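Each remark here refers to the structure printed beneath this line.
The values are calculated or read from the model by the stated rules, or taken from the named source; none is laboratory data. Keep in mind that what you see is a predicted model, and the values were worked out from it rather than measured. Cβ coordinates were reconstructed from backbone atoms using ideal geometry, including for glycine residues, and neighbour counts include every protein chain displayed. Note: areas computed on protein heavy atoms with side chains; ligands, DNA, RNA excluded. Shrake-Rupley method; radii C 1.70, N 1.55, O 1.52, S 1.80 Å.
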Amino acid sequence: MSHSAYLGSHQANLLSPSAEHCKVVKLKSPVISNLEFDILKNIRYKRFSSVELPMLFPLKDGAKGLENAVNSLCLKAEEAVENGHNYLILTDRGVNTDLVAIPSLLAVSAVHHHLIKCRKRMQIDIVVESAEPREIMHFALLFGYGASVVNPYGALAVLYDQVKNKEIQADFETAQKHYIKSINKGLLKVM
């Protein structure tokens, strides 16, 4: 079993092979580093385009604000499909004292099911940039609920801090590689 991930080529008919099937981005892993995420976010090649949708809502709005933010996120995702984007990036960057994050699993599943209901899910991939996922099951659930790729920037920031404070006896690149490899091994066991 492989843990390669692909983004793109949704308009092609799977039953009739064509050159359209080759228009994809292949990733070694569905769990990606910050550098890989930056590259993915800034691809400007031929028909690849992304749109970034924040998974945030005002804290003062409470439960009603969360509901409104999830509904708005779903509508923006549908609009992204209509505008011809290949993948959308759901991000929780920007959390502060006034803005809180929609739980990533809630956001991914809501967008996934909304796009299924609109019959547009197969036209776009979902990339998640979140500080939430840390453990294998967090990633497994995100992938099971519709995410194609996840960038766990929060876990990688903690890892960087541990390397910097000499709590881990390796350089950051090696520690990051081992973390992603361990998540991938766990995902294979879950699958």
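Take Asp38 and tell me if it is in a helix (DSSP H, G or I) and either farther than 19 Å from Ala147 by Cβ or in contact with a Pro (Cβ under 7 Å, 6 or more places away or on another chain) (or both).
no
Residues of region 46-84 that are part of a strand (DSSP E or B) and within 17 Å of Val127 (Cα to Cα): Ser50, Val51, Glu52, Leu53, Pro54, Leu56. Does Val108 fit the bill of being among the β-branched types (Val, Ile, Thr), open to solvent by less than 10 Å² (accessible area, probe 1.4 Å) and in contact (Cβ under 8 Å) with a residue 60 or more places away in the chain? For Val108, the condition - among the β-branched types (Val, Ile, Thr), open to solvent by less than 10 Å² (accessible area, probe 1.4 Å) and in contact (Cβ under 8 Å) with a residue 60 or more places away in the chain - is not met. Checking each residue in region 84-105 for being of a type in the set (D, E, K, R) and surrounded by 13 or more Cβ atoms within 10 Å (Cβ to Cβ) picks out Asp92, Arg93. Going by what's in this entry, would Ala147 be described as in a loop (DSSP other than H, G, I, E, B) and either out of contact with any helix residue (DSSP H, G or I) (no Cβ under 9 Å at 6 or more places or on another chain) or crowded, with 19+ Cβ neighbours inside 10 Å (or both)? Answer is yes for this residue. Taking the criterion of being open to solvent by less than 10 Å² (accessible area, probe 1.4 Å) and within 22 Å of Val24 (Cα to Cα), the only residue of region 130-144 that qualifies is Leu142.
Annotation note: Cβ proximity below 9 Å between a residue of region 118-131 that is more than 15 Å from Ser50 (Cα to Cα) and of a type in the set (S, T, N, Q) and a residue that is assigned to a loop (DSSP other than H, G, I, E, B) and open to solvent by less than 30 Å² (accessible area, probe 1.4 Å) (sequence gap 6+ or interchain) occurs for Ser130/Met55; Ser130/Asp92; Ser130/Pro152. Among what's in region 163-191 and is free of Cβ contacts under 8 Å to residues at least 24 places away in the same chain and touching a Leu at 6+ places or on another chain (Cβ under 8 Å), pick the residue that is least open to solvent (accessible area, probe 1.4 Å). Among those residues, the one meeting the criterion is Ala175. Answer yes if at least one residue in region 62-83 is open to solvent by 80 Å² or more (accessible area, probe 1.4 Å), under 14 Å from the mean Cα position of the chain (by Cα) and not hydroxyl-bearing (Ser, Thr, Tyr), and no otherwise. No; the residues of region 62-83 include none that is open to solvent by 80 Å² or more (accessible area, probe 1.4 Å), under 14 Å from the mean Cα position of the chain (by Cα) and not hydroxyl-bearing (Ser, Thr, Tyr).
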